[in-house]
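Okay, structure first, notes after.
The values are calculated or read from the model by the stated rules, or taken from the named source; none is laboratory data. Predicted, not measured: the structure shown is a model, and the values here were computed from it. Cβ coordinates were reconstructed from backbone atoms using ideal geometry, including for glycine residues, and neighbour counts include every protein chain displayed. Quick note on the areas: whole protein, heavy atoms, side chains included, nothing else; ligands and nucleic acids left out. Shrake-Rupley method; radii C 1.70, N 1.55, O 1.52, S 1.80 Å.
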Amino acid sequence: PRIRFLLADDPGAGKTIIAGLLLKELKYRGLVERTLIVVPGHLKDQWLREMKERFGENFSIIDRNVMNVEWGKNVFTERNQVIISMDFAKQDEVMFALKDSRWDLCIVDEAHKMSAYKYGEKINKTQRYNLGELLSPITNYLLFLTATPHRGDPENFRLLLDLLEPGFFADVAMLSESIQNKDNPMFLRRLKEDLKDFEGGPIFSPRKVETVKYCLSDDEKT
């Protein structure tokens, strides 16, 4: 069976840890050998470091230099664990190479960047969304990570989920009903307030906001 879901997480709440735990669990079950991680460019090194330090997993970053050095080879079929920038991956020649690869697990960070918008009967797909459409059929297990999955546009959200399981929600009404009934099988929302330690206590301290009044001196006023 395929596992495909979107994890809506608070920023900084340990998305690399969740992804790493899923990777290790699937590996222990013998279900995953080839893993592709797609991230914003500035997060490539962070993912590389945390997968190594936290989980002992060695990944290769694929960029323009690597593809130039190995010209004539498909770097995506010769490596089992790859990290790639989303904006590099969306380029036509890179997608051309990617489409010939197959992955057991694909993890996409900041997945909301793969956006599409519907205007009347027309759907405007970004290059990043086209990348998502390419990735969906070439991977078995697919995990989207984002802190802002909805952004106030129900159709945009439905199109994002459509990358996970094409045609699962035929229209916005079906999606809205699923969210209202809390039975969306592809959408998991995790808040810091919900995270507990092994004793059941909160991992993150509650946030307390207080407005402190003060008076400006004459010099500060000028």
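For segment 97-109, indicate whether the set of residues that are in a helix (DSSP H, G or I) and buried (at least 20 other Cβ atoms within 10 Å of the Cβ) is non-empty. Within segment 97-109 (the criterion being in a helix (DSSP H, G or I) and buried (at least 20 other Cβ atoms within 10 Å of the Cβ)), the answer is yes, since at least one residue qualifies.
Name every residue in segment 144-165 that is open to solvent by 10 Å² or more (accessible area, probe 1.4 Å) and either part of a loop (DSSP other than H, G, I, E, B) or in contact with a Lys or Arg (Cβ under 6 Å, 6 or more places away or on another chain) (or both), in order of residue number. Result: 147, 148, 149, 150, 151, 152, 153, 155, 165. All of 70, 78, 53, 33 fail the test of being loosely packed, with under 14 Cβ neighbours inside 10 Å, within 16 Å of residue 107 (Cα to Cα) and over 19 Å from the mean Cα position of the chain (by Cα), apart from 33.
Condition check ((1) touching a Phe, Trp or Tyr at 6+ places or on another chain (Cβ under 9 Å); (2) closer than 30 Å to residue 90 by Cα; (3) at pLDDT 80 or above) across all residues:
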position	(1), (2), (3)
116	yes, yes, yes
126	yes, yes, yes
152	no, yes, no
167	no, yes, no
186	yes, yes, no
204	no, no, no
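Residues in segment 15-30 that are under 22 Å from residue 102 (Cβ atoms) and of a type in the set (Lys, Arg) were compared, and the one that is least open to solvent (accessible area, probe 1.4 Å) is 24. Just one residue in the set 192, 182 is modelled with pLDDT under 65, open to solvent by 100 Å² or more (accessible area, probe 1.4 Å) and not small (Gly, Ala, Ser); that residue is 182.
Of everything in segment 33-88 that's in contact (Cβ under 8 Å) with a residue 60 or more places away in the chain and touching a helix residue (DSSP H, G or I) at 6+ places or on another chain (Cβ under 7 Å), which residue is nearest to residue 138 (Cα to Cα)? Filtering first and then ranking leaves 35.
Just checking, does segment 4-13 include any residue being modelled with pLDDT of 95 or more and among the aromatic types (Phe, Trp, Tyr)? Checked against the condition, which is being modelled with pLDDT of 95 or more and among the aromatic types (Phe, Trp, Tyr), segment 4-13 yields no hits at all. The condition (being crowded, with 20+ Cβ neighbours inside 10 Å and assigned to a strand (DSSP E or B)) is satisfied by just one residue among 141, 129: 141.
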